[in-house]
């Protein structure tokens, strides 16, 4: 029997080494598991280690980013619609201003034409007595009058008052009352509440209907 301490041979019946005196059976025999246990150990060694589950964080981040992108597109579309509506409103305002300017220009042109017609009529008919042009023309009474020229109906008895209508040449108009305006002009108030000049120091715009 071989001594585990000094590696020398001893008799089989010896319990201690005759050379070094150490017990010959201190080292326990090697353990050999049964074959079934060896198979179980081998199977356990061959099984792959469990893989970690994939994280859901990238998916959540992708969903959040997608929602933010959709929200940004929605805001952009909404802002674009609001901007388009504002531009349309500005275009409408500009168009209205242009139309008002056109109407004012037309009114001015009509008034100039009326004055020009009155001047031509005065020159042709020699209506005025330069010494006393008002001698036989005032006062005026309410009644039906006829326009000698194309006239402008105004909001008040003044050439600077706002225009509210027009009166064509030879058209009749009912004058409810007469009042004196600036610069020795006489204005008639119509049944609609507007005013038209009957006469001023230069011309007679309306004549009494027969």
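The values are calculated or read from the model by the stated rules, or taken from the named source; none is laboratory data. Just so you know, these numbers come straight off a predicted model, no measurement behind them. As a convention, Cβ positions derive from the backbone with ideal geometry for all residues, glycine included, and neighbour counts pool all protein chains shown.
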Notebook entry, point to check: What are the residues in the stretch 157-166 that are in contact with a helix residue (DSSP H, G or I) (Cβ under 8 Å, 6 or more places away or on another chain) and assigned to a strand (DSSP E or B), if any?
Noted result: 163, 166
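Kindly indicate which of 78, 97 is surrounded by 10 or more Cβ atoms within 10 Å (Cβ to Cβ), closer than 30 Å to residue 162 by Cβ, at pLDDT 85 or above and within 25 Å of the chain's Cα centre (by Cα).
The conditions single out 97.
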Next item on the list: For residues that are without any contact (Cβ under 8 Å) to a residue 60 or more places away in the chain and either within 17 Å of residue 170 (Cβ to Cβ) or part of a loop (DSSP other than H, G, I, E, B) (or both), tally how many sit in the stretch 185-208.
Entry: 11
Next item on the list: May I ask you to list the residues in the stretch 167-189 that are surrounded by 18 or more Cβ atoms within 10 Å (Cβ to Cβ) and either within 12 Å of residue 143 (Cβ to Cβ) or in contact with a helix residue (DSSP H, G or I) (Cβ under 8 Å, 6 or more places away or on another chain) (or both)?
Entry: 173, 175, 178, 188
